[in-house]
Amino acid sequence: QVELVESGGGLVQAGGSLRLSCAASRSIRRIIVMGWYRKAPGKQRELVATRPSGGTTKYAASVKGRFTISRDNTKNTVDLQMNNLKPEHTAVYYCYAYFRLRANWGHGTQVAVSS
């Protein structure tokens with residue numbers, strides 16, 4: 001099991017930027033996939049971006065070119081740089097790790113984008 005703690009959420013105006021960070025309680029070198037999901041009000045949780053330990057980074061179509069996921073195996077963190085934010089990006093953002101055949105989730109961090 002791995003504990004995940006998100007930080008960096010907040011309120012920002014449309015067009016602004018935020019950087020989310022997820023700190024893991026253990027080394028992430030052997031964690032197969034880490035990433036970010038989000039849940040907007042009235043919607044299901046959806047993938048934002050994933051970064052496997054090896055392989056191709058994946059982004060939701062709606063965030064390609066705006067969001068960048070990065071993974072630092074020395075700091076045990078996964079960050080999400082979000083640029084040119086829009087009101088529809090308002091959601092609770094969750095850090096995710098697939099480890100030892102289990103999905104592990106953080107408690108989430110709120111991102112609110114005002115128009």
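The values are calculated or read from the model by the stated rules, or taken from the named source; none is laboratory data. Here the structure is a predicted model, which is why all the values come from computation and not from measurement. Don't worry about glycine lacking a Cβ; one is built from the backbone with ideal geometry, like all the others, and counts go over all protein chains shown. Heavy atoms of the whole protein, side chains included, go into the accessibility calculation; ligands, DNA and RNA do not. Shrake-Rupley method; radii C 1.70, N 1.55, O 1.52, S 1.80 Å.
Scanning the range 8-48 for residues that are closer than 22 Å to Leu101 by Cβ and in contact with a strand residue (DSSP E or B) (Cβ under 7 Å, 6 or more places away or on another chain) gives Cys22, Ala24, Ile28, Ile31, Ile32, Val33, Met34, Gly35, Trp36, Tyr37, Arg45, Leu47. In the range 34-60, the residue that is surrounded by the fewest Cβ atoms within 10 Å (Cβ to Cβ) out of those that are out of contact with any Asp or Glu (no Cβ under 9 Å at 6 or more places or on another chain) and of a type in the set (A, V, I, L, M, F, W, C) is Leu47. Kindly indicate the residue of the range 3-16 that is in a loop (DSSP other than H, G, I, E, B) and under 14 Å from the mean Cα position of the chain (by Cα) and also surrounded by the fewest Cβ atoms within 10 Å (Cβ to Cβ) among those meeting that condition. Ranking the qualifying residues of the range 3-16, first place goes to Gly8. The single condition among (1) under 22 Å from Ala91 (Cβ atoms); (2) at pLDDT 95 or above that Ser62 does not meet is (2). The set of residues in the range 81-94 that are in contact with a Leu (Cβ under 8 Å, 6 or more places away or on another chain) and not in a strand (DSSP E or B) contains only Leu85.
The C-beta contact set for the range 32-49 (first residue over 15 Å from Val111 (Cα atoms) and at pLDDT below 95, second residue part of a loop (DSSP other than H, G, I, E, B) and open to solvent by 30 Å² or more (accessible area, probe 1.4 Å), distance under 6 angstrom, 6+ apart or interchain) comprises Ile32/Ser53.
Okay, residues lined up against (1) on the phi < 0 side of the Ramachandran plot; (2) among the polar types (S, T, N, Q):
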residue: Glu3; (1), (2): yes, no
residue: Gly15; (1), (2): no, no
residue: Ala23; (1), (2): yes, no
residue: Arg45; (1), (2): yes, no
residue: Gly55; (1), (2): no, no
residue: Val63; (1), (2): yes, no
residue: Thr68; (1), (2): yes, yes
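Looking only at the range 61-90, residues that are out of contact with any Ser or Thr (no Cβ under 9 Å at 6 or more places or on another chain), open to solvent by 70 Å² or more (accessible area, probe 1.4 Å) and charged (D, E, K, R) come to 2 in all. Of all the residues that make up the range 106-115, how many are open to solvent by 30 Å² or more (accessible area, probe 1.4 Å) and under 13 Å from the mean Cα position of the chain (by Cα)? Within the range 106-115, residues that are open to solvent by 30 Å² or more (accessible area, probe 1.4 Å) and under 13 Å from the mean Cα position of the chain (by Cα) number 2.
The residue list Ala103, Ala97 contains one member that is exposed (fewer than 12 other Cβ atoms within 10 Å of the Cβ), assigned to a strand (DSSP E or B), under 16 Å from the mean Cα position of the chain (by Cα) and among the small types (Gly, Ala, Ser), which is Ala103.
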